[in-house]
Each structure stands twice: as structure tokens, then as C-alpha cells.
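Here is the structure we will look at, set down as C-alpha cells.
No lab work stands behind these numbers, since they all come straight from the coordinates. If you're wondering where the values come from, they're calculated on a predicted model, not measured in any experiment. No Cβ is skipped: glycine too gets one built from the backbone with ideal geometry, and neighbour counts run over all protein chains shown.
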Amino acid sequence: MDIQQRVEQLDWSGLAADMNQRGFASSPKVLTDKECDELILQYNNEALYRKTINMERYRFGFGEYKYFRYPLPVIVQQLRENVYPKLAPIANEWMRVLNIDLHFSGSLSQLLELCHKEKQSRPTPLMLRYGKGGYNTLHQDLYGDVYFPMQLVLFLNEPDEDYQGGEFVLIEQRPRAQSKAIVLRPRKGDMLLFTTNFRPVKGTKGYYRVNMKHGVSELTAGTRHTLGIIFHDAA
């Protein structure tokens, strides 16, 4: 079964419900073990990447990530193209209930066309690698004025077997309240969808905006690779 078929057969009603209720949603085994291993092998193929970031240098954490160049690898392009139309209706509903005057096209190409008009033309999908002691500080992946409010990450290693620690961390910052930490341990091949910077929450007087950030806790052993797919391009 190819990527398009796999994405189509995911439980999108359930994923949408989780995104609306929690700001994140997961689906197991979207990638095969072979696909995960092949992506890891491509990490050292410098021809695929436009830029490498040493996280310690920029005080982003401890580890490394690389942005792909265009054209994207086929599997990355397929995931980006086929997941986006499933998320656009959820994003549009979020904008509606929060009274934000934004509407996202159902086509990724139209989102990217808008990005390029605003001088955002650099691809944002990336590969991340952490070794022992590696971590990623809490952040949001905003690369310009045009952004899509959801993104995804695919986990390419098996926790406990390939690495220890390295949990995916979400922090929910509710107005006038203490922050809430959410700690996740997806398995090899799993896909995690999550908000890029905020989600709507229904209160007694209607919906309000809750900001969220994400990061990675410290690895205590092993090596951890992930594939991150952001839908908007960067300036």
C-alpha cells in the first residue's frame, strides 16, 4: 500500500476529534520499518539538504537537524501533499470558532503559492537527530507571516530499543493558569499531528485561544531520528 492509500485509510474523524479536544493526535505505523530505516540512511546524504543546524550553537538544545531542499524526497512530498488536505478543514474550523479571518485552501500547492508571494520559498520539512544527552527546547515552528497551524512528526526509531528518554513534550499554556505538560512516547513508524502554535478551547463565554509549544526531553542513551513535516515554507 502506498503513502497516499495509507493516509486515505487513516481514521480522520477520530484524528480530527483528538486535534480539537487535545491539540494533538497520533496514528500508529504510518511508515513501515523499512521506510524508517531508509530515511535514517539518507540522513548523511548531504545532497538532499539545504541547511544543517547545530542546535547547541543557537541554544535550541543539543542535537542536529537538516532542512530538505526542493525537490523533496518522494516519501516526504507524498506525506506533505496527502496529509495537508485532511488537516485544512480542521484548521478552518479553528479559525472560525476563534473569529480569525483566515481560510486555508484544500490544496497544498495553493498554500505554498501564498507563501512564495510573501517571499517564503524555502522548504521546511526536516530530519532531526539526537544522541545521548540530546534534547530540544520548547518552541514553535513559525517561519514567516504565512503559516499553517498544524504540523506532523514521524518517529523513525523504536524507544527503549534504539534510545532511552527522548520523549516528545507538549506544553499547554492556558490564560491565567499554570502550564500543563504532555509527555508522549510514540513508537517506530508512528505519526503525531500537533498544533504549530495554538488551539481553540471552549469556555463558558465561547472559545478562547490556548498557546502550545513542543520539544524533546533529554536522551539518556542511544540515537533518535525523526522526520518533521511543516506545511508552510520559510522566508
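List of remarks:
- The amide H of HIS232, built 1.01 Å from its N in the peptide plane, has PHE148 as neighbours under 5 Å, considering only residues 5 or more places off or on other chains.
- ARG176-SER13 FRET efficiency (beta carbon distance; Förster radius 30 Å; 0.05 resolution): 0.35
- Cα-based radius of gyration for the range 83-173, normalised by 2.2 N^0.38 Å, reads 1.34.
- Binning the C-alpha pair distances of the range 139-178 at 5 Å intervals from 0 yields a P(r) profile of 5, 13, 18, 17, 19, 15, 9, 4, 0 %, listed from the shortest bin outward.
- Proximal aspartates and glutamates relative to LYS51, as straight alpha-carbon distance under 13 Å, when same-chain residues fewer than 8 apart are discounted: GLU64
- Cα extents of the chain along the three principal axes, largest first (Å): 49, 39, 37
- Stokes-Einstein D (µm²/s) once Rh is taken as the Kirkwood radius of the range 1-90 over alpha-carbon pairs, at 4 °C in 1.567 mPa s: 84 µm²/s
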